[in-house]
Amino acid sequence: MAKKKNIFKTMYYRSYKIWTPFRVIRNLILTWRYPWLTVHNWKTGGRYYDSIWATPRDGGWNRAFFWQMMEDIRRAAKKGGVLKTLRTDDYKSKFGELRFYISGSTHDVNEIISEYEYLSGNICEICGEPDVGATSGWITPICRTCFENGKYNDARPYEEAVSTKYNRMADYYRYRKFVPGEDKSKEFSIDIRDKANKIRRRWNRWHPTRRKEYAK
């Protein structure tokens, strides 16, 4: 007796096969412009072109600042002469912030990544809305719209589940490091208002009814 075919499985398989070349072409273009997004096969040293580390529409953070961050990294990497040697080790969310681990980089590249990681703590992880609060416990920055639409599994009201005390992207990126020749660490501050305002400007262009105020 002949085995009965699953028509839905066959349709899915065909659609997958149809769209695969377009995905590969998109990934080729992105990895040509941003080589560090390439996924490498650690066994053979080859490359995977059916997937890359990040795509422009993959999650709220990428919607908010993917092109902006990639272009800033590319500019700094080109200036430092490490454009072809950069390699992504991991790209994920941790403690409510973006984590972008990259090897073969320079101080300028690491600084740019740290600034965007800092800003991501107040950008909705689902839709990309800037200037939002974060949940406690399992820390997740989320906007009111995504929360009330059930995108986050919590029965509490938004005001109770999400801390609105820190619900605006920072104007300055502050960090501490040891100063050469001294036995103490020193605090440094970098102005990141321009990066934050670019994210707000992009959001306001596409969401005129939910506009955000720019940092002065």
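Overview of results
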quantity: Every pair of residues 6+ apart whose Cβ atoms lie under 7 Å, when the first sits in the stretch 196-216 and is farther than 17 Å from GLY60 by Cα while the second is of a type outside the set (Gly, Ala, Ser); calculated: TYR214/ASN197; TYR214/ARG200; ALA215/ASP171; ALA215/ARG193; ALA215/ASN197
quantity: Filter result for the condition that a residue is surrounded by 12 or more Cβ atoms within 10 Å (Cβ to Cβ), of a type in the set (D, E, K, R) and within 21 Å of TRP67 (Cα to Cα), over ARG144, ARG202; calculated: ARG202
quantity: Those residues of the stretch 169-193 which are at pLDDT below 90, outside any loop (DSSP other than H, G, I, E, B) and not basic (Lys, Arg), in sequence order; calculated: TYR175, PHE178, SER185, GLU187, PHE188
quantity: Which numbered condition GLU117 fails, given (1) within 30 Å of ASN149 (Cβ to Cβ); (2) in contact (Cβ under 8 Å) with a residue 60 or more places away in the chain; calculated: (2)
quantity: Flag for ILE112 being within 30 Å of ARG47 (Cβ to Cβ) and either buried (at least 16 other Cβ atoms within 10 Å of the Cβ) or of a type in the set (D, E, K, R) (or both); calculated: yes
quantity: Condition check for ALA155: touching a helix residue (DSSP H, G or I) at 6+ places or on another chain (Cβ under 8 Å) and among the aliphatic types (A, V, I, L, M); calculated: no
quantity: Failed condition for TYR214, given (1) under 23 Å from CYS124 (Cβ atoms); (2) in contact with an Asp or Glu (Cβ under 7 Å, 6 or more places away or on another chain); (3) not in a helix (DSSP H, G or I); calculated: (2)
quantity: Residues located in the stretch 151-165, provided they are loosely packed, with under 13 Cβ neighbours inside 10 Å and within 24 Å of the chain's Cα centre (by Cα); calculated: ASN153, THR164, LYS165
quantity: Residue that is nearest to TRP203 (Cα to Cα), among those in the stretch 113-168 that are assigned to a strand (DSSP E or B) and of a type in the set (Val, Ile, Thr); calculated: ILE123
quantity: Any hit, the stretch 118-133, residues being surrounded by fewer than 22 Cβ atoms within 10 Å (Cβ to Cβ), farther than 24 Å from LYS212 by Cβ and more than 14 Å from the chain's Cα centre (by Cα); calculated: no
quantity: Neighbours by Cβ (under 6 Å, 6+ apart or cross-chain): first from the stretch 166-188, touching a residue at least 40 places away in the same chain (Cβ under 8 Å); second small (Gly, Ala, Ser) and surrounded by 13 or more Cβ atoms within 10 Å (Cβ to Cβ); calculated: ASN167/GLY133; MET169/ALA196; ASP171/ALA215
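Every residue, every condition in (1) at pLDDT 85 or above; (2) in contact with a Pro (Cβ under 8 Å, 6 or more places away or on another chain); (3) surrounded by 15 or more Cβ atoms within 10 Å (Cβ to Cβ), yes or no:
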residue	(1), (2), (3)
MET1	no, no, no
ILE7	no, no, no
ARG23	no, no, yes
ILE29	yes, no, no
ILE52	yes, no, yes
PRO56	yes, no, no
ASN62	yes, yes, yes
ALA77	yes, no, yes
PHE95	yes, no, no
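Residue-wise test of (1) under 19 Å from SER120 (Cα atoms); (2) over 23 Å from the mean Cα position of the chain (by Cα); (3) of a type in the set (S, T, N, Q).
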residue	(1), (2), (3)
LYS177	no, yes, no
GLY181	no, yes, no
SER185	no, yes, yes
ILE190	yes, no, no
LYS195	yes, no, no
ARG200	yes, no, no
TRP203	yes, no, no
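The values are calculated or read from the model by the stated rules, or taken from the named source; none is laboratory data. The structure presented is a predicted model; accordingly, all values stated were derived computationally and were not measured. Note that each Cβ is placed from the backbone with ideal geometry, even for glycine, and that neighbours are counted across all protein chains shown.
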